[in-house]
Each structure stands twice: as C-alpha cells, then as structure tokens.
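K.L.:
Please find one structure pasted underneath; my questions will follow.
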Amino acid sequence: MKIILEIEHFINRQAILLKNRITGDKKGIAVKSVEFGGNRCFCNCQGILAIRLIFPILIEISPQEIASDNKSDYNYGRQYSDQHRHQLSVDILSRKIKLLRDNAKVKSDMEFKYPPVRRKSRAVRVGGVIIGGGFPISIQSMTTSDTRDAESTVDQIRRLTEAGCDIIRVAVPDDEAASKLAEIKSKISIPLVADIHFKYKLALEAIRQGVDKIRINPGNIGDDWKVAEVTRAAKDAGIPIRVGVNSGSLPKDILKRFGHDNPEGFVAAALRQIEILENNDFRDIVVALKSSNVSTAFWAHILMTEKVEYPFHLGITEAGTRQTGSIKSAVGLGALLLNGIGDTIRVSLAADPVEEIRVAKAILKSLELKKEGVDVIACPTCGRCQIDAIRLAEAIEEKTRDFKTPLKVAVMGCVVNGPGEAAAADVGITGGDGVGLLFKKGKTISKIPEDRLEEVLLDEIKKMTGGK
Ligand code: SF4
C-alpha cells in the first residue's frame, strides 16, 4: 500500500525536519504535504500537528502526548524550549507513521468483500417502519407543500405513498405548522417526521402532536437544558431523533479546521451532535451525513461506519434537477449501498417529490435491494434494429411505472441479442422486419405487426400483474 501524505501548510523548521525524516525511507510512504491544525505552530503550543494521508487517515499528536512521551508534566511551553518540543513531535509522528507503514505491509490497497455484507446497525422504529437492524431499506421524501395547509400536505403525502414512499418528512417552521401535525398524521398511512431547526418548543409540540420521528440539529437547539427536554419528550413518546449534518450546516470551527468538502469534518460534526444526545442517555438515533459532493458523502459514511452503530439515512443534498440530481444520487447512494451501507434513503431533487420516490425505487431495484414493479430491459438499438424499440420501451415503462408486482419485461430491437434477453425476462418483444415476436417465459407466443406491439405487450403485462 502506498500512502501519500498531503501537506497543506508548510510553515516552519519543524515541518522540514519531519519531511526529511519520513521521506528518508522511500519504501512505503511518499510525502506530499504536512498540515498544521489548531494554532498551526508548536511555538505557541496549543496547536496540533497533523499529517493527512490521502486515503484518508489522520495522524495527530497533541501537546499532552508530547508531555506524556517525555514522562513529565507539560505546561504549554514553559517547561521546554520550542526546539525540544519540535524534536519530540517529530519523534512521535515518525513512530506513528512507522506503525502505519508496518501495518500497510500486510494489507492490500483496498478491501472489498463479495458477497457484500450489510453493515450491522441498531434497529430504530419509526411508526410502522424499522430503520436499520437488517430491515429492508426504506424510502423517504419530504413534502414541498406549506405544512400549515394541512389539506395540500395530506394530498401530496397520499400521492407520495401511492408512488412508494415509506416515511414522509414535513417542515415545521412555526407554531401554526406544528399545530397541524396531528391532523396530517391522522389522515395518512405512513410515518410522519417533523423537521425542526432552532426552536426546541416546536420539537416539543411536534412530539405532543404525535409525530413518529423528529429531525433536529442539537447544536442549534440552544442551551443544554432545551436539548435535554426534547430528548426526554422523545424518549417518553418512544420516538427516534435523526441528527446529522449537511453541507450547509457545518459548525464554523469545523469548517475552519477541515474546510467545506472534507469527510472528516462531516464525521466530526455528526459525532458532536450524537454526543449531545448520548449525554442525555438517548440512543434511538438515525444519522445523516449529507454532502452535495458525492465523494465527500461516500467517504464520510465509510469513516463513520467505524465510529457508531446507528442506522444511516443516506442522501446527496441539493443534488440538483431531475436528471443531474438522479445521477448524483444514483452514484453516491449506489456506491454506499453496494458496500452494504445504508438503512433508509432519500433522493433530493429540485422536482416534484414523487420523482424522488421513483428514482429512489429505481436505485434500489437496480441493486436488487427491492423487488417491486416492472423492470424494463431494453437494448440501446443499432443499425440492425427493425422496429421503433426505443419508443416502445419508453411507452411500456411509462404505462407500468406505478405497478407494484415484480416483472421483468424485455424490449429488444432484433434477433441478434433479442431472443436471449427476452428469454431471461418474464415477457418481452424481439423486433423483426415490421413485426415483433412476443416471448413469454422463454417461449415464443406469437408474431405481431409492429403497430400492435405496444397494445399486445401491455395486455400481457396487465394479465401477469393484475394491472398493479
Ligand atoms: S438487440 Fe439487435 S438492435 Fe438491439 S442493440 Fe443488439 S443488435 Fe442492435
């Protein structure tokens, strides 16, 4: 394994000493940089010298470590000269890097497991849905209606439920919105989550109204006693709390230390929130690490798996419009889900939230994590294609989009790959010269003129699914 050290700040003699020491051995580690955190200089001695390895691993030493390494008390610069401390810090860092290098000798670059093992997470109940604990991955969305308008909100939730939404979140910006939660909940059939920022009283009211989960940022709720009141109320009501970070809510000190798109910053911010809840003896927690940067989101989750056992709510925040947002979400969520990480998902799109559900379902179906609905296998077509296979595939997909019965349908342009693919599907069409062959469970059923292909295939699908 080759470890590359990335230097962001290279400011004094200490860094040069360190670089010379660790680059002296070229066997395992290439040094690119050294980063100074905290006060960035040991001369003031409250800082932390850190080396960031691109993988990412962070090796840190603190003034206290330097003190204990010298087996003596350390009192911030009064006891030792700067030079002495520089030397000690370089010694400690060199030892840590040697350890890493030794470990690296027995490890390969990356470790992938096949078949993938799903990450073990704590089971957290949200109304009738369980998140984590190996339970099926649920799909969430958030309403775009004004929560104060209970009727429109209920209408939208019903549409989302019909599309396959398992858990719905609504914004609760004020008292009036909070006061409508019980009414909304009484008219819907899926768990209701209240999204609250800043005002602990809104969280208490949402819990009183009977929501199934609240989403808060304990860091912006305010005084400790306010967080304590919210956690106590949630515990008494038996409901979980979702915490976590997204790109726009990283605390200032974390932003200063890690920057915007650093997965370690996301992990540090989330752990801070979790700690606040744990200090209140609250453990029914769901964690979200939502970056708008796919790579940051991916690595933040990978790093977080080593820190907590709470279930993960996956999402790429501010992913974008229907097309770009779907692609970003598919890449980010797909990479994590393929590695067995993720317990509930939300695709965030600047679009009708029903689209979020369709995309989320498509992601889960493509990974075979959900067996539901019609899966249209379609060839891309080429110069051999003798029917309008693209139009046919699109029409079938559109007209069966909300079916729930699992069914594989093939639309193939010609006989080259057509019969093979169609045979693997439950039902399908292979194009010929102005005609199509209808296949069912590997057997040719009939020859159909091109202008009747859509109608006949749709009829067959409806017969096999009962039209739903
Ligand atoms: S199935 Fe036929 S038409 Fe479709 S891509 Fe393959 S060769 Fe081309």
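K.L.:
Of all residues in segment 409-439, which are out of contact with any helix residue (DSSP H, G or I) (no Cβ under 7 Å at 6 or more places or on another chain) and away from the ligand (no atom under 12 Å from the Cβ)?
P.N.:
A423, A424, A425, D433, L437
K.L.:
Would you be able to say whether some residue in segment 297-314 is under 20 Å from D166 (Cβ atoms) and β-branched (V, I, T)?
P.N.:
No: segment 297-314 contains no residue that is under 20 Å from D166 (Cβ atoms) and β-branched (V, I, T).
K.L.:
State whether the residues of segment 432-445 include one that is basic (K, R), over 30 Å from A163 (Cβ atoms) and surrounded by fewer than 19 Cβ atoms within 10 Å (Cβ to Cβ).
P.N.:
yes
K.L.:
In the list R391, R384, R401, which residue meets the criterion of being basic (K, R), farther than 27 Å from R158 by Cβ, at pLDDT below 90 and surrounded by fewer than 19 Cβ atoms within 10 Å (Cβ to Cβ)?
P.N.:
Just a single option satisfies the conditions, and that option is R384.
K.L.:
Take K290 and decide whether it is without any contact (Cβ under 8 Å) to a residue 60 or more places away in the chain and either within 24 Å of D212 (Cα to Cα) or of a type outside the set (D, E, K, R) (or both).
P.N.:
The answer is yes for K290.
K.L.:
Taking the options G210, G222, name whichever one is farther than 22 Å from R122 by Cα, outside any helix (DSSP H, G or I) and modelled with pLDDT of 95 or more.
P.N.:
After ruling out the rest, the residue left standing is G210.
K.L.:
Take F403 and decide whether it is within 30 Å of D146 (Cα to Cα) and in contact with a strand residue (DSSP E or B) (Cβ under 8 Å, 6 or more places away or on another chain).
P.N.:
In short, yes.
K.L.:
Looking at segment 206-233, which of its residues are touching a residue at least 24 places away in the same chain (Cβ under 8 Å) and touching a Phe, Trp or Tyr at 6+ places or on another chain (Cβ under 9 Å)?
P.N.:
Of everything in segment 206-233, those that are touching a residue at least 24 places away in the same chain (Cβ under 8 Å) and touching a Phe, Trp or Tyr at 6+ places or on another chain (Cβ under 9 Å) turn out to be I216, N217, N220, G222, K226, V227, E229, V230, T231, R232.
K.L.:
How about segment 379-408: which of its residues are touching a residue at least 40 places away in the same chain (Cβ under 8 Å) and within 11 Å of the ligand (Cβ to nearest atom)?
P.N.:
C379, C385, Q386, I387, A389
K.L.:
How about segment 366-381: which of its residues are exposed (fewer than 15 other Cβ atoms within 10 Å of the Cβ) and outside any loop (DSSP other than H, G, I, E, B)?
P.N.:
Correct list: S366 only.
K.L.:
Something else now. With (1) modelled with pLDDT of 95 or more; (2) assigned to a helix (DSSP H, G or I) as the list, and I345 as the residue in question, which single condition is left unmet?
P.N.:
For I345, the failing item is (2).
K.L.:
Within segment 159-186, track down each residue that is of a type in the set (V, I, T) and buried (at least 17 other Cβ atoms within 10 Å of the Cβ).
P.N.:
I167, I168, V170, V172, I184
K.L.:
Do any helices (runs of 4 or more DSSP H) entirely within segment 114-194 hold 2 or more residues that are out of contact with any strand residue (DSSP E or B) (no Cβ under 9 Å at 6 or more places or on another chain), touching a residue at least 40 places away in the same chain (Cβ under 8 Å) and assigned by TED's automatic domain parsing to the domain that holds A362, and if so, which?
P.N.:
So the answer is 150-163.
K.L.:
When you scan segment 357-370, do you find a residue that is of a type outside the set (K, R), touching a Phe, Trp or Tyr at 6+ places or on another chain (Cβ under 8 Å), under 30 Å from G133 (Cβ atoms) and at pLDDT below 95, even just one?
P.N.:
There is no residue in segment 357-370 that is of a type outside the set (K, R), touching a Phe, Trp or Tyr at 6+ places or on another chain (Cβ under 8 Å), under 30 Å from G133 (Cβ atoms) and at pLDDT below 95.
K.L.:
A further question on this structure: Could you list, in sequence order, the residues of segment 204-240 that are surrounded by fewer than 18 Cβ atoms within 10 Å (Cβ to Cβ) and either within 17 Å of I167 (Cβ to Cβ) or outside the structural domain of I131 (by TED's automatic domain parsing) (or both)?
P.N.:
G210, A237, G238
K.L.:
While we're on this one: Do we find that E454 is of a type outside the set (V, I, T) and surrounded by 14 or more Cβ atoms within 10 Å (Cβ to Cβ) in this structure?
P.N.:
yes
The values are calculated or read from the model by the stated rules, or taken from the named source; none is laboratory data. Every value quoted in this text rests on a predicted model; they were computed, and no experiment measured them. Note: ideal-geometry Cβ built from the backbone for every residue, glycine included; neighbour counts use all protein chains shown.
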